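This is the structure I want to talk about, given as structure tokens.
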Amino acid sequence: MGEETVDEPLGPEQEKALPEKEIKPRGKWANKTEFILAMAGEIIGLGNVWRFPYLCFKNGGGVFFIPYFVFLFFCGIPVFFLETALGQYTSQGGVTAWRKICPMFEGIGIASQVIVTYLNIYYIVVLAWGIFYLFNSFQSTLPWSTCDNWWNTDDCHTVDSIVSKLHMFNNSSDWSFLHNVTLEDHSDDFNFTSLQEPSVHSSSEYEFWSYRVLRINDGDSNGKVLWDLALCLLLAWVICYFCIFKGVKSTGKVVYFTATFPYVMLIILFIRGVTLPGAGEGIKYYLYPDFSKLGDASVWNDAGTQVFFSYAVCQGVLTALGSYNTYNNNCYRDCLALCCLNSATSIFAGFVVFSVLGFMAHELGVPVERVTSSGPGLAFIAYPKALSMLPGSSFWSVLFFFMILLLGLDSQFVCVESLATALTDMFPRYLRRHGAREILALVIAVVCFLLALPLVTGRGIFLFSIIDKYGASGFTLLFIAIFECIVIGWIYGADRFLHNIEDMIGYPPMPVFKYCWMFITPLICGITLLYNLGDLTGDIVVYDYVMGNSYKAIAALLTLSPMICIPLFVLRPMYYNINEMTTPSSDLRQSQPHRPILTLCKRVIFGAQVKPNENLSFEANEKLAMHDPDV
């Protein structure tokens, strides 16, 4: 393995409680490639394939790139860089990193881990669905392409007869999957109708998804675990566990495959897609600019929430992955490269998706907008329908769902890694023992598997939808992002943090980051937050059902539980040491403590941490103040 390790000093009580030989040193990435691939695997996921292309189509085609890149440059990249650099600087996970920077706001880290816990519970259910479809793709006749199965109704229609039934298409409920959706999206084109009044016309793909996979029409399965989906969920957790049970030692090796192979799949599907008749028309619908959309506030809101979820910010994941870097790794260059890669993948995936959907529209003789969908409507209905029309449909379906599995898998196990890292750093004397990491990963997997079982019951999709929309909502992430920027920009000091980064990478990053952290990012996030308020007060609708008060209570709990952590954990430093609530940990390396920690327009807002010794030169003062036991 050649894994680099750094012995991290423990406190006196920890040293007494545990002999030094039993303390397992904190791991590091074996090389930069492992870090890059792990980060890429986390931020590049299912939303790049099924959410971003649809948002471009929905929000003005190529015009959507304008608000998207505005949010990317002024919100996404600054917060992405902040969290990654914070992890590398402190060599701590998502909770203890904030404790060291500013004890008063340790709750920021706690809030992010609450969100990661929600993601660990429900996101892997998507992988279970993908595994279920993958197994069924090996059949010579794809089961969702016919209407002669036990789950089909008398109203079922195959792709050959659906052309004459275009009035079946209708708006549907929101699906905010993984890192990429927060607002209710009423623009899906497939009709997910009330269970009490089923659609007169149902496609075979829709019935397979709704009546075979989800079992929403089976009253006898209501509340009962669906054993086939539960086994797929168990398999997903087994795979995930063996990817991360050794920490970065195993994660760093697995990402070589899970983070790169989806690109092979995308390239294969792209080559096949653009050679199909009608592909050009599909790509035109994807990119054709509609400049009138720029004045629509919802377009800007969609762009902002897409950036926040796509870049996995405010979830503690980036901080955890960055913490395994060596101190002098150039995280600045890495972050810029990763952000370019993520956005480029989203744009490229649009060509892959819409070339195939254009072919489907061409074959059916209908406009592209009639076969366009979002979320699972794209991944589990529209795209499988298009693939079933290709020669060798089983082969293409296997490729597609294997890609879906890999895209979701590395995002899932990195989220588990984030939670495990945070817990290990919070309780090092217990969880850094030899063998403790494997047990911790197993406990997380078992607990999350059991908590996810209600989501694979008959009609468990209703509970899934609530967790999906409110458990990792854009509202909560925006709230956390505002506090992150305020703490780094105004309390810890933007100048001091830039000095820390300069000490790590050898040169100062662009000054624009300072002003983003202090002003631009909190302002944009605040405005978007206010826009999202209306989404929290409306009715909760799933499959055309208006959810009752119990579901509203669950939604409120999911939304407020991360947010309440920030003010609640302010009480901890007040109890232990009220005089050092905003004082960074003394073991953090400060290379330029004699410079002001915050300046604005050449005026000192907050002065230096220590006064320089007038009898020494500037260089001598700098050298005297520097301390890093790891370098």
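The values are calculated or read from the model by the stated rules, or taken from the named source; none is laboratory data. These figures come from a predicted structure and were not determined experimentally. Positions of Cβ are generated from backbone atoms using ideal geometry, with glycine treated the same way; all protein chains shown enter the neighbour counts.
Considering only the range 29-55, state which residues are aromatic (Phe, Trp, Tyr) and over 11 Å from Leu407 (Cβ atoms).
Of the range 29-55, the ones aromatic (Phe, Trp, Tyr) are 29, 35, 50, 52, 54.
Answer for the range 29-55, where residues must be aromatic (Phe, Trp, Tyr) and over 11 Å from Leu407 (Cβ atoms): Trp29, Phe35, Phe52, Tyr54.
Kindly indicate whether Ser355 is of a type outside the set (A, V, I, L, M, F, W, C) and either buried (at least 23 other Cβ atoms within 10 Å of the Cβ) or not assigned by TED's automatic domain parsing to the domain that holds Met265 (or both).
Spelling it out, Ser355 is indeed of a type outside the set (A, V, I, L, M, F, W, C) and either buried (at least 23 other Cβ atoms within 10 Å of the Cβ) or not assigned by TED's automatic domain parsing to the domain that holds Met265 (or both).
Can you pull out the residues in the range 458-486 that are over 22 Å from the mean Cα position of the chain (by Cα) and buried (at least 23 other Cβ atoms within 10 Å of the Cβ)? First the steps, then the outcome.
Initial filter on the range 458-486 (over 22 Å from the mean Cα position of the chain (by Cα)): 458-460, 486.
Matches in the range 458-486: Gly460 only.
Please go through the range 301-356 and give me each residue that is more than 12 Å from Gly87 (Cα to Cα), in a loop (DSSP other than H, G, I, E, B) and over 17 Å from the mean Cα position of the chain (by Cα), ordered by number. First the steps, then the outcome.
Within the range 301-356, the first condition is being more than 12 Å from Gly87 (Cα to Cα), and the residues that meet it are 301-315, 328, 330, 332-356.
In the following step, the residues that additionally are in a loop (DSSP other than H, G, I, E, B) were identified as 311-315, 328, 330.
Of everything in the range 301-356, those that are more than 12 Å from Gly87 (Cα to Cα), in a loop (DSSP other than H, G, I, E, B) and over 17 Å from the mean Cα position of the chain (by Cα) turn out to be Asn328, Asn330.
Where in the range 495-593 are the helices (runs of 4 or more DSSP H), entirely inside, with at least 3 residues that are crowded, with 19+ Cβ neighbours inside 10 Å and in the same structural domain as Gly76 (by TED's automatic domain parsing)?
Output list reads 521-537, 549-568.
Residues of the range 379-414 being hydroxyl-bearing (Ser, Thr, Tyr) and at pLDDT 90 or above, which ones?
Ser393, Ser394, Ser397, Ser411
Table: residues versus (1) within 30 Å of Gln609 (Cβ to Cβ); (2) at pLDDT 90 or above; (3) in the same structural domain as Trp517 (by TED's automatic domain parsing); (4) touching a helix residue (DSSP H, G or I) at 6+ places or on another chain (Cβ under 6 Å).
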site: Ala420; (1), (2), (3), (4): no, yes, yes, yes
site: Val446; (1), (2), (3), (4): no, yes, yes, no
site: Val456; (1), (2), (3), (4): no, yes, yes, yes
site: Leu478; (1), (2), (3), (4): no, yes, yes, yes
site: Val487; (1), (2), (3), (4): yes, yes, yes, yes
site: Ile491; (1), (2), (3), (4): yes, yes, yes, no
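How many residues, within the range 218-269, are assigned to a helix (DSSP H, G or I), within 28 Å of Trp50 (Cα to Cα) and either modelled with pLDDT of 90 or more or not small (Gly, Ala, Ser) (or both)?
Matching residues across the range 218-269 total 34.
Right, something else. Which pairs have Cβ atoms under 7 Å, sit 6 or more apart or on different chains, and link a residue in the range 283-308 that is assigned by TED's automatic domain parsing to the domain that holds Leu529 to one that is outside any helix (DSSP H, G or I) and polar (S, T, N, Q)?
What qualifies is Lys293/Asn59; Val299/Asn59; Asp302/Asn59; Thr305/Thr182; Gln306/Asn180.
Looking for something closer than 22 Å to Leu127 by Cα, part of a helix (DSSP H, G or I) and free of Cβ contacts under 8 Å to residues at least 12 places away in the same chain - is there at least one such residue anywhere in the range 380-398?
The answer is yes; a qualifying residue exists.
Going by the structure shown, is Cys525 among the hydrophobic types (A, V, I, L, M, F, W, C), within 20 Å of Val317 (Cβ to Cβ) and at pLDDT 95 or above?
Criteria not met by Cys525.
A further question follows. Being without any contact (Cβ under 8 Å) to a residue 12 or more places away in the chain and either assigned to a helix (DSSP H, G or I) or in contact with a Gly (Cβ under 7 Å, 6 or more places away or on another chain) (or both) is the filter here; which residues of the range 270-282 pass it?
The one that is without any contact (Cβ under 8 Å) to a residue 12 or more places away in the chain and either assigned to a helix (DSSP H, G or I) or in contact with a Gly (Cβ under 7 Å, 6 or more places away or on another chain) (or both): Ile271.
Would you check if Ser202 is surrounded by 18 or more Cβ atoms within 10 Å (Cβ to Cβ), at pLDDT 50 or above and not assigned by TED's automatic domain parsing to the domain that holds Ser388?
In short, yes.
Give the number of residues within the range 416-456 that are crowded, with 20+ Cβ neighbours inside 10 Å and farther than 21 Å from Tyr324 by Cβ.
5
I'd like to check something: does the range 371-382 contain any residue that is farther than 28 Å from Ser465 by Cα, small (Gly, Ala, Ser) and crowded, with 23+ Cβ neighbours inside 10 Å?
no
Restricting attention to the range 480-500, which residues are touching a residue at least 60 places away in the same chain (Cβ under 8 Å) and touching a Cys at 6+ places or on another chain (Cβ under 8 Å)?
Ile480, Ala481, Glu484, Cys485, Val487, Ile491, Tyr492
Looking at (1) buried (at least 18 other Cβ atoms within 10 Å of the Cβ); (2) at pLDDT below 90, find the lone condition where Cys314 falls short.
(2)
Looking at the range 264-290, which of the residues that are hydroxyl-bearing (Ser, Thr, Tyr) and over 25 Å from the mean Cα position of the chain (by Cα) is surrounded by the most Cβ atoms within 10 Å (Cβ to Cβ)?
Going through the qualifying residues, I end up with Tyr285.
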